[in-house]
């Protein structure tokens, strides 16, 4: 059967007409992004300033001998705690005992000479009264007697020095603290004021030194009278201290020293706190975190850390208004309080802040929000357009 060309063209045209009469594809917009929102919490917060610093011993003493001699005894264990008066080192005492006995013998000899001079002076004075000797002889005897008395004083001073030297052969701890290792072994020569035997550092209490910037100082001066910050007799404010591996600040101390002015090269002031350390957990040279509590607790607005973002314009949060539209709010942040952050400026306690889905939201977008009911410990409840909490919840 032969189909004519005109017939084929007619059939093809009818097929195209039928296809053209079907429904066309239309763009269907995606559903609004789902986000989780919550109201900021409110709490009374104490204003604080954070610093970083290092610990140092309140007292550090280098142990040296005051006499020359050979080391005879070491009376401590390396790295142990010592108390005032503990025996640390003994220098051979025998040469100093001999020197003391010799000095005492010279005292006895000089006293005998003084006694003889006294007798001769008295005898000469009697002879002078009877004109048996010249007056010049009396003056000579008197000078001899005074010289003998001076010799007694010199000999007694030598005894005191010899006794001191003998006492110095025993070296005792001048402070309470922790002693380092011995630097000289028994049998070695120790030279006066030259040979370093060991070092003691006090650990309870302990100092923490930190630098405060000029800006923080002005902030402190605003909260306190500026004069009180530089007055050494003003009550010291409280400081908290923690180690880098600790989330909290378990050590409590007080501020006890400040530099007189700002260092023009660094723009900082050197300050210091003192902390009780009865268990010796803090040792000199540790890097530490410090916090100063200032003023009285004041009500603050707090948001979760995960709700905070930043870009080239600064730090911000995204809120959802009563029409479920996202708004960009620049914020000024304050202190960290656990998992939350104080917001000083930018939002109110009635703003619904996006805490989940921040990456899916943009300013001006319409979103599908779900509230976080803090009273129910984070149970989410879907809502329609967001309304102010004063208005009784979402609009339906």
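Bear in mind that the values in this text are calculations on the coordinates, not laboratory data. All values reported here derive from a predicted model rather than from experimental measurement. Every residue, glycine as well, gets a Cβ built from its backbone with ideal geometry; the counts of neighbours run over all protein chains shown.
If I model a spin label at residue 83 and residue 262 as a point 7 Å from the Cα along the Cα→Cβ vector, what separation in nanometres do I get?
So the label points at residue 83 and residue 262 sit 4.9 nm apart.
Please give, to one decimal in nm, the separation of the simple spin-label points placed at residue 149 and residue 185, each 7 Å out from Cα toward the Cβ.
5.7
Roughly speaking, what is the stretch gain from residue 362 to residue 70, that is 0.36 nm per residue apart minus the C-alpha to C-alpha distance, in nm to one decimal?
Contour length minus Cα-Cα distance gives 97.0 nm.
Along the Cα→Cβ direction, 7 angstrom out, place labels at residue 28 and residue 105. What is the inter-label distance in nm?
12.1
Please report 80, 110 as a ranked list, fewest other C-beta atoms within 10 angstrom at the top and most at the bottom.
80, 110
Fewest first, what order do 172, 207, 119 take by the number of other Cβ atoms within 10 Å?
Details: 172 15, 207 22, 119 11.
Least crowded to most crowded, the residues run 119, 172, 207.
Work out how far the C-alpha atoms of the stretch 94-167 reach from end to end along every principal axis, then list the three figures in whole Å, largest first.
Projected onto the principal axes, the Cα atoms of the stretch 94-167 cover 55, 13, 11 Å.
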